Amino acid sequence: MAASTQGLARRPHSTLDTVQEALTALAARYRGDEVLTSIKHIPAREAQFAAMPSWVRPELAAAYRAKGIDRLYSHQAAAADLARGGKDFVVVTPTASGKTLCYNLPVLNAILENADTRALYLFPTKALAQDQLAELHDLATRLDDQFGVFTYDGDTPSDARKAIRERGHVILTNPDMLHTGILPHHTKWTRVFENLRYIVLDELHTYRGVFGSHLANVLRRIARIAEFYGSRPQFICCSATIANPDELAGQLIEREVATIEENGAPAAEKLFVFYNPPMVNRNLGIRRSYLTETTRVAKELLARKLQTIVFANSRLHTEVLLTYLQQANPAQPGGAEPIRGYRGGYLPGERREIERGLREGRVRGVVATNALELGIDIGSLDACVMDGYAGSIASTWQRAGRAGRRSGTSCAVLVASSAPLDQFIVQHPDYFFGRSPEHAYVQPDNLEILVNHLKCAAFELPIAPDEKFGAVDVQGLCERLAEVGFLHRSGANWHWVQEAYPADTVSLRSVTSDNFVIIHASVEDDGNTTGGKKGAPEVIGEVDFSSALTTVHPKAIYLHQGQQYHVDRLDFDQRKAYVRRVNIDYYTDAIRYTQVRILEIAEEERLAGAPAFQSPPHLALSFREEGPDASASPDEVRSGPAARNLSSAQPSASRAHGDVLVRSQVIGFKKIKLFTNENVGDGKLELPENEMHTTAFWITLDRALLTSLPFALSDRQSGMFGLLHALESMATLLLMCDRRDLGTAMGERPASPGVETEWQEFSTAMNDPAEMKEYFEPNLYLYDAYPGGIGFSEPLYRVHELLLERTRELIFSCPCDSGCPSCVGPAGMKSERTKEAALAILNRLCS
């Protein structure tokens, strides 16, 4: 640890020295290098300045000067010049680099030059829009209210909406409100659309996957409406650091974009620490609870008077951590709580009060969900503790950036869970601290998504015969929509004819609008789980169709805001799930079987064989007696039984991507005890089968490769399932997506695409690899878990070498003996040689 922070100890006592003391205390019970896997010192960075552009209006320059800004950072000046030149562009700089000024300066200058100019600011969350509103109000006050700035969202009073439409120069909103509240009513927004000059997309990196694909279609709709009113707005985008910001921005707005990546903002020094909870069972790969360890880390920092923000990945974890930390840091008699929570569900006034408390120092600590991840102003904190990996490198850096901002030394501590992604990140710090490997992907032409937005577009304006809407046959789709009664051709144009309002039924957060409503019949507590006197029913949430089968099936335990609900009935006809509140010590995990049929292969390529694995010298792996000796050197490991026959000609495999049909059925569930994760029971279910046309990437293992593996059949099968689990984990890292966005399956290689191979009967399917039928030449599928696909399969095909190499690193660097949840999946149904078999397959696949 001392070597990692060399040069820090000789300074005057500072925040970094205080953090060093806390880290020493944390690691005192364990081997320091085992729990503190990386301590990265990021030095302070000087600002790169540029003069305020000469074209900026004197009154605007004076307003910024009064705020202490008389010159710009270099990236701000570059952005201002591109905006002045009418270019579409994206600014890609870290948190707290002053991205807001990149769009506020040119937009406000244009409004001061021409009072008819209008701008639309899109933020992914209402809270972020409120924060930016305060900055713009401050500027408006300094400029004698020469421009109007308003938020327009679901909380906007109806009596204020007309005034906003008439007097608002800058409208701050979110994609959902634009989709349902502005575009369908564009005739009321005539003045805005006639003069719409700028559209600002902030936090661009959040618009990926399903949400991003929806937004791209919403932007297609706003472009056609703006064109109808005679305007062509310029797009200004801002993003956290990702690998393909220009590609993402181009896909969203369907134009060429310039990119500004040089960061001229200053940054204070920061200590970034990776903390891996200690092992409690090395054989099973079980570590101490990361929730408990996050609490310990936060307590150490708070005890040393460091103002700290703790990020949790769920509302439940937020409340649990808050309880622990409030107990450890009680309020003074008559005083306010020094530790506060901050998440969705809190009232706006309560949130603003917490933000003020943080800025003023009255609140010493805050436990938050990602609601505080984006650029809300909470001042300069001393420390950030993250309860688990945020899901993407960009989000992790944004959370870390909440401490320190532009001045003031700070530290960030990532406490890893046992999940594969967390373990990969903390075991491979160079991957995290190097250039961002994350790509954000969207698929705007997904037919399920596009058709819904085509309906919305037809409601807004008739569709002309030569109109383009993505790379699809618009006229053919209109004819199909006419056949089912949505559109009618009058003259050459297609008109909406339904009374229904299409945007109301289309959620931007899911592919399909076919959702189940969850209804709770409130019950007076009579001390048991069978219910008591029923009260008025209330809707407590909704889930999409595919999720409903696994989360609200009959007898499921549904979790909502930390409360447990038992699902009594699932009504497929009415799309309703009826639940009642219970208090029990387990949750349920659905058992779903999935089969895949290949419909069409888009691309396919044979994979050449590979030499034996040249493992990095710092990685160590100990196998049971059948495998390499626990004390063996890397060279001996590579020459052991697991690497046998690798020096000779290698068997080959192939990779492909294309269209598939996925058939799945939930046939039962397991009862998992809280805290211990023991399996305490199960149940059988008879639910309908679900079929979905989507896209997939798959790897085919040739028969020769399988027979060359020195393992029994059950070990081999188990190794393939373990490999698939690890591949899914690494794919989510490379694609910057959620694990729920991908599905996995294994199946026999068909004779040719579309051949009617027999579906296996789900009722006879087995989950134990030892009892499953042997696959002759198996396909390992990673498929898009949304109808029509969401654009993940082709990128996986392109980066297959990186995917395989990173997966091998993940499994090989895991310190467990025979496989664990951090590498090849949870124990239970696996053989004791799962890890060894998975690595042997990877050794043959990697080049």
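Data table
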{"quantity": "Fully extended contour minus Cα-Cα distance, from residue 362 to residue 682, at 0.36 nm per residue", "calculated": "110.3 nm"}
{"quantity": "Nearby lysines by direct alpha-carbon distance to residue 299 (threshold 21 angstrom, same-chain neighbours under 8 apart not counted)", "calculated": "270"}
{"quantity": "Separation between Cα centres of the stretch 573-605 and the stretch 12-83, rounded to whole Å", "calculated": "45"}
{"quantity": "Accessible area of residue 736 in the full protein assembly, 1.4 Å probe (Å², nearest 10)", "calculated": "0"}
{"quantity": "Anisotropy class of the stretch 270-388 from Cα gyration tensor, a/c 1.5 cut", "calculated": "prolate"}
{"quantity": "All lysines inside 26 Å of residue 684 as judged from Cα atoms, apart from same-chain residues fewer than 8 positions distant", "calculated": "555, 576, 670, 671, 673, 773, 830"}
{"quantity": "Under-5 Å amide H pairs with residue 258, H placed in peptide plane, nonlocal only", "calculated": "88, 89, 90"}
{"quantity": "Proximal lysines to residue 126, defined as alpha-carbon separation beneath 25 angstrom and excluding residues fewer than eight positions away on the same chain", "calculated": "99, 162, 188"}
{"quantity": "Total formal charge among the other residues, if their Cβ is under 13 angstrom from that of residue 162, Lys/Arg +1 and Asp/Glu -1", "calculated": "+3"}
{"quantity": "Isotropic mean projected area of the C-alpha convex hull, the stretch 225-314 (nm²)", "calculated": "11.8"}
{"quantity": "All-pairs Cα distance distribution in the stretch 204-360, expressed in whole percent, bin size 5 Å", "calculated": "1, 6, 10, 12, 12, 11, 13, 12, 9, 6, 4, 2, 1, 0"}
{"quantity": "Cα-based shape type of the stretch 352-457, given that a ≥ b ≥ c are square roots of the gyration tensor eigenvalues and the cut on a/c is 1.5", "calculated": "oblate"}
{"quantity": "Over the stretch 122-254: Rg over Rh, Cα atoms, Kirkwood Rh", "calculated": "0.95"}
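The values are calculated or read from the model by the stated rules, or taken from the named source; none is laboratory data. Given the structure is predicted, the values throughout are model-derived calculations rather than measurements. Cβ: placed from backbone, ideal geometry, glycine included. Neighbour counts: every protein chain shown. These accessible areas exclude ligands, DNA and RNA; they are computed on the full protein's heavy atoms, side chains included. Shrake-Rupley method; radii C 1.70, N 1.55, O 1.52, S 1.80 Å.
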